[in-house]
Amino acid sequence: MRRLFIALSAVAFHAALPSMILLGGAAPVRAEARLDRVQRTGLMRVCIWPDYYAISFRNPYSGELQGLDVDMAWAFGQDLGVRVSFVESGFSTVVADLLGDRCDIGMFGIGVTAARSEKIVFSQPYLRSGIYAVSSQTHPRILRWDDLDQDGMVVAVQKGTVMDDYASRSLRKASIRIVSGPQEREEEVQSGRADAFLTDYPYGRRVLAVHQWAHLITPDAPVQPTPYAYAVAPGDPVWLDRVNRFVETVKRDGRLEAAAARFGLTPIVARD
């Protein structure tokens, strides 16, 4: 009987290991759920990309962070009763930042893609945007969407974005130039090293507002409409459920619509 008890105890211990942490030989303790930690510390760390116009961008004059997702982050923090700390991230680093526990949530219009979904988890969508292109008003050959994927054309995309994924799969004749730094896409077109760059609705609006030379190319039919959602690390269904409840709430009570109107994003609000 004693041997049976020992064997059953060993099985139970190993089954519990995934939810426990051993600290320097001390007794095992259960890993703290993220929602519990956020509420215990009174702080929610939010990954953003601070150059995403109308979504999460740093005002060049005041240095203040602005945009729909900045407002949504403050709103989520208020609902949870905690402070908000913004962590600079980007599309090419957000997966590593979430998995490495640099932030509790990514809130900067992150497109839901198959590749990202293999590593991180998404909330229900709150925005949905297709792909657009920006070229120069004086470009002699690019007048419409079909002019992009032609021999001799160079199309710039930002590394790690939905546009990067689309270009690698869909452009057959044009050359693809991948950039990573803020505003490098515009610089590639202005310098003549690229004929156009791919972007989405929010950033396309930024380019038109800032650059007089820019020409926005809208496809005849939506190109790869992509849902945008909030992202969290996998393995914590309680935290994901709380994020989803927040998204449902701001859709229902009008806070999402109001923020979208403030930043000119009403056409891409996901109301489903």
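The values are calculated or read from the model by the stated rules, or taken from the named source; none is laboratory data. Small disclaimer: the values here were computed from a predicted structure and weren't measured. Cβ placement follows ideal geometry from the backbone for every residue including glycine, while neighbour counts extend to all protein chains displayed. Accessible surface is based on the protein model in full, side chains and every heavy atom, while ligands, DNA and RNA are left aside. Shrake-Rupley method; radii C 1.70, N 1.55, O 1.52, S 1.80 Å.
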Restricting segment 241-263 to residues that are more than 18 Å from G106 (Cβ to Cβ) and touching a Pro at 6+ places or on another chain (Cβ under 9 Å), the residue that is least open to solvent (accessible area, probe 1.4 Å): A260
Where a residue in segment 254-265 is within 14 Å of A75 (Cβ to Cβ) and its partner, wherever it lies, is in a helix (DSSP H, G or I) and polar (S, T, N, Q), with Cβ under 8 Å and at least six apart: R255/T249; E257/T266; A260/T266
Test for P234: is it surrounded by fewer than 17 Cβ atoms within 10 Å (Cβ to Cβ) and in contact (Cβ under 8 Å) with a residue 60 or more places away in the chain: yes
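Given the options G90, G100, name the one that is out of contact with any Asp or Glu (no Cβ under 6 Å at 6 or more places or on another chain), small (G, A, S) and touching a residue at least 24 places away in the same chain (Cβ under 8 Å).
G90
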Test set (1) closer than 29 Å to E118 by Cβ; (2) touching a strand residue (DSSP E or B) at 6+ places or on another chain (Cβ under 7 Å); (3) not aliphatic (A, V, I, L, M) - W74 fails condition number: (1)
Output for segment 184-222, where each listed residue is open to solvent by 20 Å² or more (accessible area, probe 1.4 Å), touching a residue at least 40 places away in the same chain (Cβ under 8 Å) and either under 21 Å from Y126 (Cα atoms) or small (G, A, S) (or both): Y201, R205, R206, A209, P222
Matching residues, segment 35-48, being open to solvent by 20 Å² or more (accessible area, probe 1.4 Å) and either in contact with a helix residue (DSSP H, G or I) (Cβ under 6 Å, 6 or more places away or on another chain) or under 24 Å from D165 (Cβ atoms) (or both): L35
Tally, over segment 155-183, of residues that are free of Cβ contacts under 8 Å to residues at least 60 places away in the same chain and closer than 17 Å to L216 by Cα: 4
